[in-house]
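What follows is one structure encoded as structure tokens, with my remarks underneath.
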Amino acid sequence: MPDTRVVILGGGPAGVGAAYQLRRHRKAEVVLLERGDHFGGNAGSFERAGQRLDYGSHRLHPASDPAILADVQRLLGDELLDRPRHGRIRLLGQWIHFPLKPVDLLLRLDKSFALGSLRDAVRKAVAKPDEGDTFASVLEANLGTTICEHFYFPYAVKLWGHEPAALSGIQARKRVSAGNFLKLIQKVLGQVPGLKKPGAGRFFYPRRGFGAISEAYAEAAREAGADLRTGWTMTRVESANGSGPPWRVTAEAGDRSETFEADHVWSTIPVTVLAKSLDPAPPAEVLEAAGRIGYRSMILIYARLGVDQFTEFDAHYFPGADTRITRMSEPKNYAALREPAGSTVLCAELPCQAGDEVWSMSDEELGELFARDVAGAGIPFPAPPVEVWTRRLPQAYPVYLMGYEEPFERLDRWVDGVPGVLSYGRQGLFAHDNTHHALAMAYRAVECLDGGEFDAAAWARHREEFARHVVED
Ligand SMILES: Cc1cc2nc3c(=O)[nH]c(=O)nc-3n(C[C@H](O)[C@H](O)[C@H](O)COP(=O)(O)OP(=O)(O)OC[C@H]3O[C@@H](n4cnc5c(N)ncnc54)[C@H](O)[C@@H]3O)c2cc1C
């Protein structure tokens with residue numbers, strides 16, 4: 001249907017996935033506007049020090065929809081590697097392999113922690129406590145106090161910046177993939193050879209960094225005729241007739257400004273930003289609701305060391321309150337790269353809030369913080385880093401504070417009712433989703449567009465599927 005015009009806002013997986021599918025199935029003319037200088041959004045990559053680097057640890061999970069996985073495999077060919085997961089968690093002063101392995105747990109797990117966890121499990125089997133509604137109560141009811149106090153609770157405070165009792169139980173149900181003790185045990189046993197499910201303990205990763213997935217979608221969309229632009233920030237979405245399509249989307253690149261006419265505007269940018277850019281503007285109570293939900297930010301600290309390899313592990317997880325960072329990855333190990341020789345870059349993830357005192361720390365201060373944290377965990381840098389630099393993600397994670405559902409639903413309901421405007425993707429649906437989920441949303445949106453008409457009832461059914469997405473770490 002070449003007369004139908006879709007303008008897509010945002011060039012992360014949700015944006016480029018839709019651009020490709022729309023053109024592949026000849027459903028619409030496509031213009032995609034991406035504010036940044038790359039495709040992939042938070043799931044993108046960039047090049048520095050002779051290496052391709054991601055915005056924090058990213059892996060493509062085998063849980064991906066098989067049709068989407070087949071497309072990714074076809075688009076990337078031999079570049080997509082199937083790799084074993086090989087990480088470690090710092091727990092009560094010990095390193096435990098992640099994914100959890102039975103023998104490793106027996107040998108290394110702090111004995112009082114192991115006994116406490118078992119006691120909790122038995123207690124729960126006798127009388128399961130009420131789940132309640134908070135992150136703290138849901139996890140405590142399902143996993144017991146020991147695992148929560150030593151692992152999930154301090155991790156949650158660092159990750160989301162709030163006490164576990166102030167967070168919604170939905171955060172626990174969506175984010176913690178082993179939702180109860182039995183599942184946790186099943187996961188551990190699932191690592192035993194012979195009991196292993198296909199894909200368990202493995203992940204897919206492109207040789208040239210995670211961003212290669214979105215770049216391949218963008219390139220295929222371009223080849224199929226889409227107009228994809230980086231460096232263009234959407235500033236306004238205005239109805240030509242005062243109530244619905246056609247929409248006029250204005251975007252700016254430096255001192256240039258352009259307006260694009262669209263029958264459909266598909267937005268993958270934060271729904272809070274979209275609401276403020278729409279004309280006609282939302283009612284005051286919707287804008288007020290948009291102000292009551294927010295995203296957690298993250299600083300990525302990159303340290304280049306003058307050695308071939310720092311450790312053999314892909315990622316180190318730091319749940320404890322004794323470190324500020326939550327995770328450190330060594331990108332070379334994700335794709336088993338040996339090049340560049342004599343150099344490896346580490347990436348630390350430091351959650352914070354855009355504008356807070358951490359956000360404004362200098363690279364030098366952040367480098368020192370990184371060095372202190374790893375030294376405290378017993379894995380000091382072998383020598384001071386050759387260089388340190390940072391990248392900042394203003395919207396890394398949606399924060400589900402207790403009661404967030406009410407303002408989010410108010411905002412979501414209003415946006416959903418604006419004719420010709422669709423908000424989806426991780427930022428658009430305020431969802432904690434993985435890349436394969438963002439791609440799945442893009443594919444479903446394209447299925448809903450037929451003959452230029454968007455099937456809102458079918459989309460509503462897909463939204464119910466999206467609500468069941470479980471986030472993989
Ligand atoms: C630290 C971290 C680790 C993660 N690890 C994994 C993992 O291992 N595996 C996994 O599958 N997922 C992982 N994720 C999640 C993954 O990054 C997201 O699922 C994915 O990026 C979502 O894609 P999206 O297109 O919905 O949103 P985004 O990637 O957020 O893309 C939105 C895009 O909109 C653009 N934009 C915003 N405002 C405007 C504007 N006004 N005009 C134009 N463009 C605009 C942004 O620049 C951005 O490119 C991780 C996320 C983080 C933060």
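Starting from residues that are within 18 Å of Tyr302 (Cα to Cα), over 23 Å from the mean Cα position of the chain (by Cα) and outside any loop (DSSP other than H, G, I, E, B), keep the ones in segment 377-435 and report whichever is farthest from the ligand (Cβ to nearest atom). The extreme case among them is Glu387. Pairs meeting the criteria (first residue in segment 296-313 and of a type in the set (Ser, Thr, Tyr), second residue part of a loop (DSSP other than H, G, I, E, B), beta carbons under 6 Å, at least 6 apart or on different chains) are Ser297/Gln353; Ser297/Ala354.
Pairs meeting the criteria (first residue in segment 30-48 and acidic (Asp, Glu), second residue assigned to a loop (DSSP other than H, G, I, E, B) and more than 9 Å from the ligand (Cβ to nearest atom), beta carbons under 7 Å, at least 6 apart or on different chains) are Asp37/Gly231. Being within 16 Å of the ligand (Cβ to nearest atom) and in contact with a strand residue (DSSP E or B) (Cβ under 9 Å, 6 or more places away or on another chain) is not true of Val471.
Rundown of residues vs (1) of a type in the set (Gly, Ala, Ser); (2) closer than 21 Å to Leu422 by Cα, yes/no style:
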| position | (1), (2) |
| --- | --- |
| Lys276 | no, yes |
| Asp279 | no, yes |
| Gly291 | yes, yes |
| Arg296 | no, no |
| Ile299 | no, no |
| Ala303 | yes, no |
| Phe310 | no, no |
| Tyr317 | no, no |
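Would you confirm whether or not segment 283-305 contains a residue that is surrounded by fewer than 22 Cβ atoms within 10 Å (Cβ to Cβ) and farther than 30 Å from Met441 by Cβ? Yes: segment 283-305 contains one or more residues that are surrounded by fewer than 22 Cβ atoms within 10 Å (Cβ to Cβ) and farther than 30 Å from Met441 by Cβ. Taking the criterion of being assigned to a loop (DSSP other than H, G, I, E, B), away from the ligand (no atom under 11 Å from the Cβ) and among the polar types (S, T, N, Q), would at least one residue in segment 230-252 satisfy it? Scanning segment 230-252, I find at least one residue that is assigned to a loop (DSSP other than H, G, I, E, B), away from the ligand (no atom under 11 Å from the Cβ) and among the polar types (S, T, N, Q), so the answer is yes. Residue pairs whose Cβ atoms lie under 7 Å apart, sitting 6 or more positions apart in sequence or on different chains, and linking a residue in segment 59-78 that is assigned by TED's automatic domain parsing to the domain that holds Asp433 to a partner that is away from the ligand (no atom under 15 Å from the Cβ), are Leu75/Ala220. Consider segment 208-227 and keep the residues that are part of a loop (DSSP other than H, G, I, E, B) and farther than 15 Å from Arg74 by Cβ. The one that is farthest from the ligand (Cβ to nearest atom) is Gly225.
What about Ala121, is it out of contact with any Leu (no Cβ under 6 Å at 6 or more places or on another chain), without any contact (Cβ under 8 Å) to a residue 12 or more places away in the chain and among the hydrophobic types (A, V, I, L, M, F, W, C)? Against the criterion (out of contact with any Leu (no Cβ under 6 Å at 6 or more places or on another chain), without any contact (Cβ under 8 Å) to a residue 12 or more places away in the chain and among the hydrophobic types (A, V, I, L, M, F, W, C)), Ala121 does not qualify.
Each row is one residue, and each column tells you yes or no for (1) more than 26 Å from Leu100 (Cα to Cα); (2) touching a Gly at 6+ places or on another chain (Cβ under 8 Å); (3) assigned by TED's automatic domain parsing to the domain that holds Tyr155; (4) in contact (Cβ under 8 Å) with a residue 12 or more places away in the chain.
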site: Pro331; (1), (2), (3), (4): no, yes, no, yes
site: Leu337; (1), (2), (3), (4): no, no, no, yes
site: Pro340; (1), (2), (3), (4): yes, yes, no, yes
site: Ser343; (1), (2), (3), (4): yes, yes, no, yes
site: Glu349; (1), (2), (3), (4): no, yes, no, yes
site: Val374; (1), (2), (3), (4): no, no, no, yes
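Is it the case that Met328 is crowded, with 22+ Cβ neighbours inside 10 Å, out of contact with any Lys or Arg (no Cβ under 7 Å at 6 or more places or on another chain) and under 22 Å from Ala383 (Cβ atoms)? Spelling it out, Met328 is indeed crowded, with 22+ Cβ neighbours inside 10 Å, out of contact with any Lys or Arg (no Cβ under 7 Å at 6 or more places or on another chain) and under 22 Å from Ala383 (Cβ atoms). Counting only helices (runs of 4 or more DSSP H) that fall entirely inside segment 69-151 and contain at least 1 residues that are loosely packed, with under 13 Cβ neighbours inside 10 Å and not small (Gly, Ala, Ser), the qualifying elements are 102-108, 111-126.
Residues in segment 191-211 that are surrounded by fewer than 22 Cβ atoms within 10 Å (Cβ to Cβ) and either modelled with pLDDT of 95 or more or among the aromatic types (Phe, Trp, Tyr) (or both): how many? Result for segment 191-211: 4.
Here is a yes/no grid of residues against (1) within 17 Å of the chain's Cα centre (by Cα); (2) of a type in the set (Gly, Ala, Ser):
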position: Thr268; (1), (2): yes, no
position: Ala289; (1), (2): no, yes
position: Ser297; (1), (2): yes, yes
position: Met328; (1), (2): yes, no
position: Arg338; (1), (2): no, no
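Is it true that some residue in segment 27-43 is away from the ligand (no atom under 16 Å from the Cβ), in a loop (DSSP other than H, G, I, E, B) and of a type in the set (Asp, Glu)? Looking for residues that are away from the ligand (no atom under 16 Å from the Cβ), in a loop (DSSP other than H, G, I, E, B) and of a type in the set (Asp, Glu), one finds none in segment 27-43, hence no. Determine which member of the set Ala303, Ala315 is farther than 22 Å from Val157 by Cα and either of a type in the set (Val, Ile, Thr) or in contact with a helix residue (DSSP H, G or I) (Cβ under 9 Å, 6 or more places away or on another chain) (or both). Within the list Ala303, Ala315, the selection yields Ala303. For segment 449-465, the criterion of a residue being over 17 Å from Ile293 (Cβ atoms) and in contact with a His (Cβ under 6 Å, 6 or more places away or on another chain) is satisfied by no position. Scan segment 223-272 for residues that are farther than 27 Å from Pro398 by Cβ, free of Cβ contacts under 8 Å to residues at least 60 places away in the same chain and polar (S, T, N, Q) and the total you get is 4. In the condition set (1) farther than 30 Å from Pro13 by Cβ; (2) in contact (Cβ under 8 Å) with a residue 60 or more places away in the chain; (3) in contact with a Lys or Arg (Cβ under 9 Å, 6 or more places away or on another chain), Gln94 is compliant with all but (2).
The values are calculated or read from the model by the stated rules, or taken from the named source; none is laboratory data. This one's a predicted model, so the numbers in the text were calculated from it and none came from an experiment. Methodologically, a virtual Cβ is constructed for each residue, glycine included, from the backbone with ideal geometry; neighbour enumeration extends over all protein chains shown.
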